[in-house]
Amino acid sequence: MIDYLLRYPDKLLKAFMGHIEIVLITLVVSILFAAMLTILAAYSKIVSKILVNIFAMIYSIPSLALFAMLVPLTGLGKDTAIIVLVLYNQYLLLRNTIDGLNNVEPSIIEAATGMGMSKSQILFQVKLPLATKPIFAGIHLAVVSTIGIATIAASINAGGIGSILLDGLRTVNTAKILWGTLMSAGLAIVVNGILNVVEKKIT
Amino acid sequence: MSIAIEFKNVCKQFKGSAYSAVDHVSLTIEHGEFITILGSSGCGKTTLLKMINRLYDPHEGSIEFFGEDISNKDPVEFRRKIGYVIQQVGLFPHMTIAGNIATVPKILKWPKEKIDARVDELLKLVGLEPSEFKNRYPSQLSGGQQQRIGLARALAVNPDVMLLDEPFGAIDAINRINLQDELLKIYTASKKTYLFVTHDINEAFKLGNRVLIMDKGKIQQFDTPKNIVASPANDFVKSLINSARGHEVFLEV
């Protein structure tokens, strides 16, 4: 196993960095997209319900199937992987954010409205700052789940740690399987630990 | 004296409710009066109050604010001219006391020095030392202190009309009496119009120049405390006064 690392450090590093790249791009796009949808949802209860239901439905589709469904439309590779991961994240991000915004103490909202704050002032100055905890919890979940599901994206040629793992499985190469497993599990565990610390600090 | 608020045959019925929360109410309030609105829960007193700052809109009839029909006004801007205090206070937990009090001045883009001076002035007005309380957060204050901040926040831009919805309902008896006295002082100095909802008859009679007694969405009597005691308009008002008298007798024994 150490042997493999010494012989192909560049291969492992490339897979690892490819994975990080997918996760980071996914995360940035997901958060931007979710922020837009949240603002939309904040102005209408019906829209927020429809959005959450749609993304809940998408979230329930197994990732391998969703990858397969999108390949004819967007082709093989990283882009398709990122689209799928972003779609999955919307459910985690939207649900937590919308719940967080709706669970702000009603008397605080009543006082804010009664004083003459507009809807957007209430959203940005009152609701959002009071919902940081659930919003961050959603981001935390999304990061960890993206790291996991991104390994499966190797099946559509998106690269990442999954490619080592799949190679290993196909050629029955124990060293590759072990490195793939170690890297993906290790990454998820370490990132989760870091986010736990951050979450405690900001709330 | 000018007329601050006039209700013209106002009705409000909530969806799914069989009867009107406010049922054909007409009344006139002059500028500078302290009106208490008295009634038991569900009598429509809070609904009546919330129609003034357009948290609710009437079904029928119209409400005039200094001679202008409020239904033509933009509700958000209109509310900034009215102070609003609620029982649960509703302070913003993520903002300091100064930040809470400065909410409306900030929206109206007052210069910073003016806001700072106003915050200090208001804290003194409600009996709290500015240097000690300005930078604290609401959770570090007692219930009575929080409601003082709620009051200061509502008074921030010196509104012509103050709406108070059972502001002292959740405060212990001793603090409540202190707050009532201080509210009266603030009112007397300000010469503004105050509307104060309560279910406590002693509070209503102590604070109000006139008391508006409501039951089942209708006005039962609207008069000075003296006149109400001297000549109750109907059986409901009579029983209300008797209940308060019964309470006093019990205390004397």
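The values are calculated or read from the model by the stated rules, or taken from the named source; none is laboratory data. Remember, it's a predicted structure, so these values are computed and weren't measured experimentally. Please note: Cβ atoms are built from the backbone with ideal geometry, for glycine as well, and neighbour counts cover all protein chains shown. The area values use the complete protein model at the heavy-atom level, side chains included, leaving out ligands, DNA and RNA. Shrake-Rupley method; radii C 1.70, N 1.55, O 1.52, S 1.80 Å.
Surrounded by fewer than 18 Cβ atoms within 10 Å (Cβ to Cβ), in contact (Cβ under 8 Å) with a residue 40 or more places away in the chain and either among the hydrophobic types (A, V, I, L, M, F, W, C) or part of a loop (DSSP other than H, G, I, E, B) (or both): which single residue out of A:Phe67, A:Phe33 fits that description?
When all the criteria are applied, what remains is A:Phe33.
Tally time: how many residues in region B:161-175 are surrounded by fewer than 19 Cβ atoms within 10 Å (Cβ to Cβ) and either within 27 Å of B:Phe65 (Cβ to Cβ) or basic (Lys, Arg) (or both)?
The number of residues fulfilling the criteria is 1.
Tell me which of these A:Met183 doesn't satisfy, since it passes every other one: (1) within 14 Å of chain B (Cβ to nearest Cβ); (2) touching a residue at least 40 places away in the same chain (Cβ under 8 Å); (3) touching a Leu at 6+ places or on another chain (Cβ under 8 Å).
Condition (1) is where A:Met183 drops out.
Just a yes or no: is a residue in region A:84-96 in contact with a helix residue (DSSP H, G or I) (Cβ under 8 Å, 6 or more places away or on another chain), surrounded by fewer than 17 Cβ atoms within 10 Å (Cβ to Cβ) and assigned to a helix (DSSP H, G or I)?
no
Given the options B:Ile82, B:Ile101, name the one that is of a type outside the set (Lys, Arg) and facing chain A (nearest Cβ under 10 Å).
One residue alone meets the criteria, B:Ile82.
Within region A:145-163, is there a residue that is without any contact (Cβ under 8 Å) to a residue 60 or more places away in the chain, buried (at least 20 other Cβ atoms within 10 Å of the Cβ) and either in contact with a Gly (Cβ under 9 Å, 6 or more places away or on another chain) or among the small types (Gly, Ala, Ser) (or both)?
Among the residues of region A:145-163, at least one is without any contact (Cβ under 8 Å) to a residue 60 or more places away in the chain, buried (at least 20 other Cβ atoms within 10 Å of the Cβ) and either in contact with a Gly (Cβ under 9 Å, 6 or more places away or on another chain) or among the small types (Gly, Ala, Ser) (or both), which makes the answer yes.
Just one of the numbered conditions (1) more than 15 Å from the chain's Cα centre (by Cα); (2) open to solvent by 60 Å² or more (accessible area, probe 1.4 Å); (3) polar (S, T, N, Q) is not true of B:Asn209; which one?
(1)
So that you can scan it fast, the table gives a plain yes or no per residue for (1) of a type in the set (Gly, Ala, Ser); (2) in contact with a Lys or Arg (Cβ under 7 Å, 6 or more places away or on another chain):
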| site | (1), (2) |
| --- | --- |
| B:Asp181 | no, no |
| B:Ala189 | yes, no |
| B:Pro232 | no, yes |
| B:Ser243 | yes, no |
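Find the residue count for region B:144-160, including only residues that are among the β-branched types (Val, Ile, Thr) and open to solvent by less than 10 Å² (accessible area, probe 1.4 Å).
The qualifying residues number 1.
In region A:100-111, what residues are out of contact with any Pro (no Cβ under 8 Å at 6 or more places or on another chain), more than 7 Å from chain B (Cβ to nearest Cβ) and either in a helix (DSSP H, G or I) or under 12 Å from B:Asn53 (Cβ atoms) (or both)?
Those that are out of contact with any Pro (no Cβ under 8 Å at 6 or more places or on another chain), more than 7 Å from chain B (Cβ to nearest Cβ) and either in a helix (DSSP H, G or I) or under 12 Å from B:Asn53 (Cβ atoms) (or both): A:Leu101, A:Asn102, A:Pro106, A:Ile109.
Considering each residue of region B:15-39, count those that are more than 27 Å from B:Tyr187 (Cβ to Cβ) and either assigned to a strand (DSSP E or B) or touching a residue at least 24 places away in the same chain (Cβ under 8 Å) (or both), and give that number.
Total meeting the criteria: 5.
Which numbered condition in (1) at negative phi; (2) touching a residue at least 24 places away in the same chain (Cβ under 8 Å) is the only one that A:Met57 fails?
(2)
Identify the single condition in (1) in contact (Cβ under 8 Å) with a residue 24 or more places away in the chain; (2) more than 23 Å from the chain's Cα centre (by Cα); (3) within 23 Å of A:Gly114 (Cα to Cα) that B:Asn135 does not satisfy, given that it satisfies every other one.
So the condition that B:Asn135 fails would be (3).
Please determine whether any residue of region A:6-21 is open to solvent by less than 30 Å² (accessible area, probe 1.4 Å) and of a type in the set (Val, Ile, Thr).
No: region A:6-21 contains no residue that is open to solvent by less than 30 Å² (accessible area, probe 1.4 Å) and of a type in the set (Val, Ile, Thr).
For A:Ile139, all conditions in the list (1) surrounded by fewer than 18 Cβ atoms within 10 Å (Cβ to Cβ); (2) in contact (Cβ under 8 Å) with a residue 60 or more places away in the chain; (3) not small (Gly, Ala, Ser) hold save one; what is the number of the exception?
With respect to (1) surrounded by fewer than 18 Cβ atoms within 10 Å (Cβ to Cβ); (2) in contact (Cβ under 8 Å) with a residue 60 or more places away in the chain; (3) not small (Gly, Ala, Ser), A:Ile139 is out only on (1).
Name the single residue, out of those in region A:106-115 being open to solvent by 20 Å² or more (accessible area, probe 1.4 Å) and in contact with a helix residue (DSSP H, G or I) (Cβ under 8 Å, 6 or more places away or on another chain), that is nearest to A:Leu51 (Cα to Cα).
The residue in question is A:Ile109.
Among the residues of region B:6-33, which ones are under 14 Å from B:Phe196 (Cα atoms) and crowded, with 21+ Cβ neighbours inside 10 Å?
B:Ile29
Could you run through region B:193-204 and say how many residues are touching a helix residue (DSSP H, G or I) at 6+ places or on another chain (Cβ under 9 Å) and either assigned to a strand (DSSP E or B) or surrounded by 19 or more Cβ atoms within 10 Å (Cβ to Cβ) (or both)?
8
Tell me which of these B:Asn158 doesn't satisfy, since it passes every other one: (1) part of a loop (DSSP other than H, G, I, E, B); (2) away from chain A (no Cβ under 13 Å); (3) in contact with a Pro (Cβ under 6 Å, 6 or more places away or on another chain).
(3)
Identify, from the list B:Asp160, B:Asp120, B:Asp165, the residue that is under 12 Å from the mean Cα position of the chain (by Cα) and either in contact (Cβ under 8 Å) with a residue 24 or more places away in the chain or farther than 26 Å from B:Lys50 by Cβ (or both).
Checking each option against the conditions leaves just B:Asp165.
Would region A:130-140 turn up any residue that is within 13 Å of chain B (Cβ to nearest Cβ), part of a helix (DSSP H, G or I) and among the charged types (D, E, K, R)?
Yes - at least one qualifying residue is present in region A:130-140.
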